[in-house]
Amino acid sequence: MSFPTEDRGRITARVSSAVVEKLQEAADLSGATLNQFLVQAALEKAQGVIDRERTIPFSADDAAMFIHMLDHPAPPNAALARAFERYRSRVNNGLIHSSAVSSAPGDEL
């Protein structure tokens, strides 16, 4: 009987013996193998980088201003109104398929 196996990749790194000793000591202190320790540490660092890069920090004032702008949008300028009319014309002529065109920008839904 065979069981499906998970695809696995391999990562290798050439480091000095001093680095290996320090990493091994940390792994031993945490009760993990060197490989387990390295994978866990790398995953934690990677998640931190991803979280940092995907998050936009807002102060309380920034958040209040953002919410106010969402609740009270500026009226569309002439360029936006022309662009919307071009888009609506293309939808009406069958060049673009959309169910979202029903009113001009700035009109209440």
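Just so you know, all these numbers are worked out from the coordinates, no wet-lab data involved. Note that the structure is predicted; figures quoted are calculated from it, not measured. Because the Cβ atoms are built from the backbone with ideal geometry, glycine has one as well, and the counts that use them run over all protein chains shown.
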FRET efficiency estimate (nearest 0.05) - Cβ-Cβ, residue 20 to residue 54, R0 41 angstrom: 0.80
State log₁₀ I(q)/I(0) for the chain at q = 0.14, 0.18, 0.19, 0.20 Å⁻¹ as given by the Debye formula over alpha-carbon point scatterers of equal weight, solvent excluded. -0.81, -1.07, -1.12, -1.15
If I fit a long axis through the Cα atoms of helix 17-30 and take the longest principal axis of the Cα atoms of the chain, what angle between them do I get, 0 to 90°, rounded to 10? 80 degrees
